[in-house]
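Remarks on the structure that follows.
The values are calculated or read from the model by the stated rules, or taken from the named source; none is laboratory data. Computed from a predicted structure; not experimentally measured. So basically every Cβ, Gly included, is an ideal-geometry build from the backbone, and we count neighbours across all protein chains shown. In case anyone asks, the SASA skips ligands and DNA or RNA and just uses the protein heavy atoms, side chains included. Shrake-Rupley method; radii C 1.70, N 1.55, O 1.52, S 1.80 Å.
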Amino acid sequence: MLRATLKGMAARKARLALTSLAVVLGSAFIAAALVLTASIKTTVDDLNGDSYAGSDVLVQPVEPETAGERHVRDGVPADTLAAVEAADGVADVSATVTWMVNAIDDNGKVLGGFAPTMAVNWGDESVDRELREGRAPESDDEVAVSAQFVADAGLGLGDTVTAYSLSTDETVYDIVGVFGYSGDRDSLAGATELAFTTVEAQRLVFDGRDMYTAVALTAAEGTSAEELLRTIEPLIGDESTAMTWDAYMEETNARAAQTTNLIGYFLLGFGLIAVFVSVFLIANTFTIVIAGRLKEIAMMRAIGASRGQVIRSVLAEALLLGAVASVVGAALGIAAGAGLTTVVANSFLDTGGSSLTVPVSAPIAAIGVGIAVTVLSALAPAVRASRIPPVEAMRSAAKADKPITVPTVAGAIVTAVGVTGIALGLTDSFGSDRTDMLAAAVGAGLVFVGVSLLTAWLSKPLVSLLGLLWSWTFAGKLGRRNASRNPRRTAVTAAALMIGVTLVTATGTLLTSVEKSLASQFEDNIRAELFITGPVTSSVPATFDPEVMDDLREVDGVDAAVDVYYDLAQIDGTEQYVNTSSDLPGIVEQFGGELLEGSMGDIGEDGVAVNEWSANDLGVGVGDTVEATFTRGTEAHELTVVAILADNEETDGWYVSPKYAEEFYTPEPNLGLVDVAEGADVDAVTAEVETLLADEPAVSVQNHEEYLSQLTVFFDYAVIAIQLLLGLAMVVAVIGVINTLILSVLERTRELGMLRAIGMTRGQTVRMVTVESVTIALFGAVLGVGTGLVLGWIVQLALVDSGIDEFAVPTALIAGYLAAAVLVGLLAAIAPAVRASKVNILGAIAYE
Amino acid sequence: MPLATPPAPPIVRNAVTASGLWRAYGSGEAQVVALRDVSVAFASGAFTAIMGPSGSGKSTLMHCLAGLDTTDRGTVNIGDTVLTGLGDKALTKLRRDKIGFIFQQFNLLPTLTAEENILLPASIAGAKADPAWVNRVIATLDLSDRLSHKPTELSGGQQQRVACARALATRPDVVFADEPTGNLDTRSSAEVLGFLRKSVDDFGQTIVMVTHDPSAAAYADRVVFLADGQIVRDLHGPTADSVIDTMRDFENAVPLAGKAA
């Protein structure tokens, strides 16, 4: 029997190849996800290893108690440096001064991006900087810049660059050198660096104090890192801390691992979705292949093979195919993982090189899942095949469609249970928020599974409806009929696309709803027409000179101009957003806030206003006192609560006297609100404000739309990220549709031969198959869009209490998905259509 | 157009003619010559059967006549059109407009109803079949109450009747039937053959049928016998008995025929 199986497999290469493709794909995705995750982790670890490379012990300032990453920091004092330099067993010392600064590019705007702009001291040898052009900075008005800076800022050798930090005003520097990094890299992880003399770097970073961000020590020969650590620990005082380089790396890598693990889960999620979709493909392909072999199986049964032998023969074939395909898949996946690692490393991390890591789990998981999925997928069709009486299968009568009652009934029940769960959850039937949320979430998941099961039932009416689009040609009509011919097959094929489209539509809908809810709250509340603000991505928060506000108020058509200062302060030991302004009542007015108790005028010198939610959070009311320490503040201030504001997205937080602005992280205003008078020309006012801001490189004037789009920019990135998910689902879907169509074409050879014999042209044949393909793909996309919209709507409803009170449909995205589905259908049709049009008429109609 | 008076040709014209056909498959030692210098003409408005043992070349001959297979040498005419040398497009158009097919396996499209199957060739051509004519064909074949059925809901005999109607619906110059009764029981066979006979007598249809069943051949006006790729006998006004006799006769003579080639 095994011999017959092997011979049979050899004789059906085309079908075999298609089945394997689905398995290969599933295994490859798993392997690629695992390899990519592991490799990114190694690469990031290597990248971390670049900092203070070669040193043994690191001395760093003790992290200040006030959390948050952007404090004005203290460093390791110079006398500590001198003390450790002189210690026994120290061979070499390098002192680093580095922190974020803002630099102004050739357009006069602050350089901003996801990677920071850093000031460093050129004298620091702990990083391998390699001078490419010019020379090192020798005086305090000179700077050497990284090649990445040249690319980003459009400035180079011989130009001047303006830079400033939290502690310095704008200063102009001559660019005297351009440097890169070991391994011919332009940057480390994409960051832009400006290298100054140590004194100038200290002026930028530590406000001129003789301090260092870190001191890296190399142990003398014969001294171990641990010995060196013990030697210097007593020398460094309370404000500094020391650790071995290994311990530092461990800590840094562990911190980085939190991010890389997230990426890993994300990728594995991709992989699992691909496998989930592949299961559909594999099961579908096996069912079709076995259906096509019923005659052969019947013949085997007729000449005496038992049912068990038939099942074993099919399973043996599945096992062999699964093994070969998943090994190929694992290999391809590892290769893809390696390729992707290089791409990620070069384009996102800018490492110049990457470390490929192939965890043992990658091939094991890929091959294990591949074989298991194949064999399990083949089991049901194998059992079904063995149950067919030999005589029946040998008759070549037209076969009636298999009933789809079981999946339909199951799907209806699962969907109903899911809808009930959602309804109960959304109507707060369980009494506890957590149970309600859980019920709604499980319900949403069940609806997803239920609809997947219902696809076969839905396919009849929906496919024939969608097919109407192409029914104006006869070939199109035939294609439409073919698409609804086998609901089970169409459904499973379309499900591959449906799953992906559902996920992206649901997330897209949710994000659009969030964005719209924010926007309408914003529109409802905010009175100011114009905002003066800078990019959120600048390294040092964008600020401007408060004197500009006085000039603004003089502009014709300006009713009011309010400056706003932000800080992340400690209030009663918790981190809180604090605002101030030279016009405190003005903020509330411009932001459409509402006072529940007291008035903003009562704040005076030591009063504080707070929104209701934050007050309740800290358990304070009017008349109570709180202790507030601002970012740059050295001591706590006792403030008395004088007013309570109603909760409102825009006015939430604490409000203090403007006299504390100098203790804020940025002592200048971060935001200006300009209220344009009724009837005044907004464009003219905008133009005047722009002129007044000509000397403020960090900020620009924005209208509502521009300001909002800046606030919601991260949602846009999230939307782009989920499009990648769609891309993946589409690749799988294309292969799924190709698979089904080629098998259908093989199955319908006789029919195609007849059509060609009675006069159907090749072009018509191609059109017929293309319509079938596009219809199936579009069916999957329509189902996915429908399910995704419902799921997105459910989540939005669940979030109404969190302020997401508007439902918005991402129409452009959905139109894009449908267009993409048509493209998928067209691409998938190419090979099967060509094959169908080249059917050998004689071979097809000849009597067997 | 008067439906009741089909054009009965005053002089015998030929619907299909073949002259000097050669067709070989494979090459070298494995070469099989399927047709050896076959010349034959099929009269318009006549029912001709092609008979012969397995491997005699009767199917190859039909395929070459119908523009489904190419010939190595010789020419085929359907009406005024010379098939030889035509490209795929022209051949497809010719099959669509001038030829009807009836297959042993019925070959109906399972997605279409009986009526849609009947109108299939016209639909493919993007044309409209003459409704009066189609109705008459459907009535003759007794399919009126089966029109909305799918092929899976029809018996074998009914399916083949639908296939016959499909072949005739466009009033082709010639209908080629390839073992049309091969998959049918005796009664259904008789119905189908009776209809083919009727379509020749009443509508003046030209039919060329390949069969190996002497009683089916007896429905024809003329039987052409093929053996080893050559025409060996030509029998007019056949009966089942005369067909069997002729076959027995030339089967004994086959070795001679082989040597004569």
Check: What is the interface area between chains B and A, defined as buried accessible area summed over both chains with a 1.4 Å probe, reported in Å² to the nearest 100?
Finding: 2400 Å²
Margin query: To make sure I understand the rule: partners must be aspartates and glutamates, Cα under 18 Å from the Cα of A:Lys41, and not fewer than 8 residues away in the same chain. Which ones qualify?
Written below: A:Asp50, A:Asp246, A:Glu250, A:Glu251, A:Asp350
Note to self: Give me the percent relative contact order of region A:545-695, please, defined on Cα pairs under 8 angstrom at least 6 residues apart.
What the structure shows: 35 percent
Item checked: For region A:691-770 versus region B:228-246, the gap between their alpha-carbon centres in whole angstrom -> 65 Å
Check: Under a GNM of chain B (C-alpha, springs under 10 Å), which listed residue has the highest mean-square fluctuation: B:His149, B:His63, B:His212?
Finding: B:His149
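Per 0.36 nm of contour for each residue apart, how much would the distance between A:Asp210 and A:Asp617 grow if the chain were fully extended, relative to their Cα-Cα spacing?
On the way: separation 407, 0.36 × 407 = 146.52 nm, distance 4.12 nm.
Length gained between A:Asp210 and A:Asp617: 142.4 nm.
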Notebook entry, point to check: In sequence order, what are the phi-derived ³J(HN,Hα) couplings for region A:192-209 according to the Karplus relation 6.51 cos²θ - 1.76 cosθ + 1.60 with θ = phi - 60°, rounded to whole Hz, with x for glycine and proline?
Noted result: 9, 10, 10, 9, 10, 5, 4, 5, 5, 4, 5, 5, 6, 8, 10, 6, x, 6
Check: Any idea what Rg and Dmax come out to for region A:57-255 if you just take the C-alpha atoms, in Å?
Finding: 17.3, 54
Note to self: Per-residue Cβ counts within 10 Å, from other chains only, averaged over B:63-70: what number is that?
What the structure shows: 2
Next item on the list: Amide H neighbours of B:Val232 under 5 Å, at least 5 residues apart or on other chains, H built in the peptide plane: list them.
Entry: B:Phe225, B:Leu226, B:Ala227
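Taking each residue in A:837-843, count the Cβ atoms of any other chain within 10 Å of its Cβ, then average. What number comes out? Could you put the intermediate results ahead of the total?
Values: counts 1, 0, 0, 1, 8, 5, 0.
Averaged over the peptide's residues, the number is 2.
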Checklist line | Sulfur and carbon atoms: percent of accessible area, chain A [1.4 Å] | finding: 59 percent
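Length gain on complete extension for the stretch A:Glu85 to A:Arg387, per 0.36 nm per residue less the alpha carbon to alpha carbon distance? Present the calculation step by step, with values, prior to reporting the outcome.
Details: separation 302, 0.36 × 302 = 108.72 nm, distance 8.53 nm.
Extra length available between A:Glu85 and A:Arg387 comes to 100.2 nm.
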Checklist line | Cα-projected label distance for A:Asn840 with A:Val536, points at 7 Å along beta-carbon direction, nm | finding: 6.5 nm
Next item on the list: Give, to the nearest whole percent, the P(r) tail of region B:14-260 beyond 32 angstrom, counting all Cα pairs.
Entry: 20 percent
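Give me the tail of P(r) for region A:545-695 as a percent: Cα-Cα pairs with distance above 21 Å.
45 percent
Averaged over every viewing direction, what's the projected area of the C-alpha convex hull for region A:403-552? Give it in nm², one decimal, please. Walk me through the numbers before you get to the answer.
Values: hull surface 68.1 nm².
Averaging across all directions leaves 17.0 nm² for the Cα convex hull.
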Item checked: region B:14-260: Lys pairs at Cα distance under 27 angstrom, eight or more positions apart or on different chains -> 14
Next item on the list: For A:Glu251 paired with A:Asp524, estimate the spin-label separation in nm (one decimal), with each label point 7 Å from Cα along the Cα-to-Cβ line.
Entry: 4.7 nm
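Quick one: compute the contact order of region A:57-255, relative version, from alpha carbon pairs under 8 angstrom and 6+ residues apart, as a percent. Write out the running numbers ahead of the final one.
Values: 429 pairs, mean separation 69.6, N = 199.
For region A:57-255, the relative contact order is 35 percent.
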Checklist line | region A:134-174 and region B:19-43: distance between their alpha carbon centers, rounded to Å | finding: 89 Å
Next item on the list: Put one equal scatterer on each alpha carbon of region A:673-781, apply the Debye formula with no solvent term, and list log10 I(q)/I(0) at q = 0.21 1/Å to two decimals.
Entry: -1.13
Check: Hey, how many Å between the Cα centroid of region A:209-260 and the Cα centroid of region A:469-497?
Finding: 67 Å
Margin query: If I take all pairs of Cα atoms in region A:253-333, what percentage of them are more than 23 Å from each other?
Written below: 46 percent
Next item on the list: Would you mind giving the mean number of other chain beta-carbons within 10 Å of the Cβ of each residue in B:103-115, as a whole number?
Entry: 5
Note to self: To make sure I understand the rule: partners must be aspartates and glutamates, Cα under 18 Å from the Cα of A:Lys838, and not fewer than 8 residues away in the same chain. Which ones qualify?
What the structure shows: A:Glu747, A:Glu751, A:Glu772, B:Asp69, B:Asp88
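First obtain the Kirkwood hydrodynamic radius of the protein assembly as shown from its Cα pairs, then insert it into the Stokes-Einstein equation at 37 °C and 0.692 mPa s, and state the resulting D in µm² per second as a whole number. List each step's numbers first, then the result.
Details: Rh = 36.6 Å.
Answer, rounded: 90 µm²/s.
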Next item on the list: Collect residues whose amide H, placed 1.01 Å from N in the peptide plane, falls under 5 Å from the amide H of A:Asp559; neighbours closer than 5 in sequence don't count.
Entry: A:Asp675, A:Val676, A:Ala677
Note to self: In whole percent, and with a 1.4 Å probe on the protein chains, what portion of the accessible area of region B:14-260 is carbon and sulfur?
What the structure shows: 48 percent
Next item on the list: Please list the non-local residues whose amide H lies under 5 Å from the amide H of B:Val210, H modeled 1.01 Å from N, same-chain partners needing a gap of 5 or more.
Entry: B:Ile50, B:Ala177, B:Asp178, B:Glu179
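Return one whole number: the accessible area per residue of the protein assembly as shown in Å², for a 1.4 Å probe.
Per residue, the protein assembly as shown has 43 Å² of solvent-accessible surface.
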Next item on the list: Compute the acute angle (0 to 90°) between the alpha-carbon long axis of helix A:361-387 and the principal axis of greatest extent of the alpha-carbon atoms of chain A; round to the nearest 10°.
Entry: 30 degrees
Next item on the list: Tell me the label-point distance for the pair A:His704, A:Ala151, using the 7 Å Cα-to-Cβ offset, in nm and rounded to one decimal.
Entry: 4.0 nm
